[in-house]
Amino acid sequence: MQKEKFDRIISFLLGASWAIVIFGALITFKSTLFFGFGLSLFLTILYIFISLFMILVLDAFVINRQKLQEIKKQTELLEKIYSKA
């Protein structure tokens with residue numbers, strides 16, 4: 001049960017993060033447009049870069065959790081093999 005909650009929370013956060021990237025980039029661009037197009041474009045690209053980095057961090061949590069589960073399965077199998085020998 002705990003595994004399902006964690007997966008649901010991470011999935012929700014990943015989806016919300018993509019929505020924040022899209023709408024945040026639009027809002028950043030529109031709100032800084034009065035400074036000039038070049039600066040507005042630069043700040044928007046900077047915002048997107050930082051936001052995508054945060055999405056990669058969330059994805060790293062998912063990958064590390066899957067890796068941990070596989071390592072636990074392998075450890076159980078190795079313990080069974082060792083106990084039989």
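State all residues of region 13-31 that are under 15 Å from L56 (Cα atoms) and of a type in the set (S, T, Y); if no residue qualifies, say none. Correct list: S17 only. The one condition from (1) surrounded by 10 or more Cβ atoms within 10 Å (Cβ to Cβ); (2) more than 19 Å from the chain's Cα centre (by Cα) that S83 does not meet is (1). Going by the structure shown, is Y82 in contact with a Ser or Thr (Cβ under 9 Å, 6 or more places away or on another chain), in a helix (DSSP H, G or I) and not charged (D, E, K, R)? Taking the combined requirement at face value, the residue does not satisfy it.
None of F12, F53, F34 is exposed (fewer than 10 other Cβ atoms within 10 Å of the Cβ), part of a helix (DSSP H, G or I) and within 26 Å of the chain's Cα centre (by Cα) except F53. Looking only at region 18-51, which residues are among the aliphatic types (A, V, I, L, M) and in contact with a Leu (Cβ under 8 Å, 6 or more places away or on another chain)? Across region 18-51, the qualifying residue is only V21. Within region 15-31, restricting attention to residues that are under 17 Å from the mean Cα position of the chain (by Cα) and aliphatic (A, V, I, L, M), the residue that is farthest from Q66 (Cα to Cα) is I22. A single member of L78, L52 is closer than 21 Å to S17 by Cα and aliphatic (A, V, I, L, M), and it is L52.
Where a number appears in this text, it was derived from the coordinates with a stated rule and is not lab data. Just so it is clear, the model here is predicted, and its values are computed rather than measured. Cβ coordinates were reconstructed from backbone atoms using ideal geometry, including for glycine residues, and neighbour counts include every protein chain displayed.
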